[in-house]
Amino acid sequence: MKAINKIMALMIAGGALLTSCSDDFLDRVPSNNYTAESYYSSDASVVKAVEPLYNYAWFNYNSSAIINIGSQRANDGWNPWNVPEFSTFQITGINSAVINTWSSFYMVVSMSNQLIADLNQYCTDAVTDEVKNQAIGEAYFMRGVAYFNLVRAWGNVIVYEDNVAMTQTPVIPLTKEEDVLKFCIRDFRQAAKLMGDAAKNGHVSKYAAKAYLAKALLALSG
């Protein structure tokens, strides 16, 4: 009986503590309430805005498809238990690796498009021209790489630069392979023009853009 009384006393005390709490204890203003209009106000913020293009955007491709679409399709890798249809050229559009690759490349495209638009529109005077140009150049580079991979895997693909316009008119004609390559070449040239000579903090330099530019030019010539 004494044990029950103790339990009841603890429950009543706990209830009293809960009811005594203020009703507004969950009302908190986020400490990092960022918007596009206010975020691009320092060099450090701009550098951080680019970094998702080096990891998250490519995740679906790097985590589940890069070996299949790269090594197996090129016939320099073989595993009879790991999606062998890539090696035997019997792959279809319903394969999860293909779906993940397609969505990953277009995530890179969309994120690059948005970053280019935001940097051109919202960067304050506190952001140096060097950092702004480098960031825009990296976005052009990433978009070029995504489209270069898309055109080599699919040939004719969807090309767009404006995310808002794309959502408003989601059904558009495919762009021919030759024109996709020309789009990549334009992006790589713009990236090389904007980026610096030396890589910093693991980010690419203009020489990465020039290397991909050479690959795209060779692909177009062939």
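The values are calculated or read from the model by the stated rules, or taken from the named source; none is laboratory data. The model shown is predicted, which means the values in this text are computed figures rather than measured ones. Neighbour counts are summed over all protein chains in view; Cβ atoms, including those assigned to glycine, are modelled from backbone coordinates with ideal geometry. The accessibility values were calculated without ligands, DNA or RNA, using every heavy atom of the protein model including side chains. Shrake-Rupley method; radii C 1.70, N 1.55, O 1.52, S 1.80 Å.
Things to note:
- Options GLY202, GLY196: the member that is touching a Lys or Arg at 6+ places or on another chain (Cβ under 8 Å), over 13 Å from VAL145 (Cβ atoms), among the small types (Gly, Ala, Ser) and not in a helix (DSSP H, G or I): GLY196
- Counting the residues of the stretch 123-132 that are under 10 Å from VAL46 (Cβ atoms) and either open to solvent by less than 50 Å² (accessible area, probe 1.4 Å) or in a helix (DSSP H, G or I) (or both) gives 4.
- Test for LYS215: is it closer than 18 Å to VAL47 by Cα and of a type in the set (Lys, Arg): no
- Close Cβ contacts (under 6 Å, 6 or more residues apart or on different chains) running from residues in the stretch 57-79 that are β-branched (Val, Ile, Thr) to residues that are surrounded by 20 or more Cβ atoms within 10 Å (Cβ to Cβ) comprise ILE69/THR101.
- If the condition is being of a type in the set (A, V, I, L, M), part of a helix (DSSP H, G or I) and open to solvent by 10 Å² or more (accessible area, probe 1.4 Å), then the stretch 146-178 contributes ALA153, VAL164, ALA165, MET166.
- Top-ranked residue of the stretch 47-100 - restricted to ones that are in a loop (DSSP other than H, G, I, E, B) and under 23 Å from GLY144 (Cβ atoms), ranked as least open to solvent (accessible area, probe 1.4 Å): ALA65
- In the stretch 184-203, the residues that are modelled with pLDDT of 95 or more and buried (at least 18 other Cβ atoms within 10 Å of the Cβ): CYS184, ILE185, ASP187, PHE188, GLN190, ALA191, ALA192, LEU194, MET195
- Selection from the stretch 172-203 of residues that are over 25 Å from VAL50 (Cβ atoms) and of a type in the set (S, T, N, Q): THR175
- Residue in the stretch 119-138 that is modelled with pLDDT under 95 and closer than 30 Å to ILE67 by Cα present: no
- The residue pairs whose first member lies in the stretch 144-164 and is among the polar types (S, T, N, Q), whose second member is modelled with pLDDT of 95 or more, and whose beta carbons are closer than 7 Å, counting only pairs six or more residues apart or on different chains, are ASN149/PHE105; ASN156/LEU174; ASN156/THR175; ASN156/LYS176; ASN156/GLU177; ASN163/SER110; ASN163/ASN113; ASN163/GLN114.
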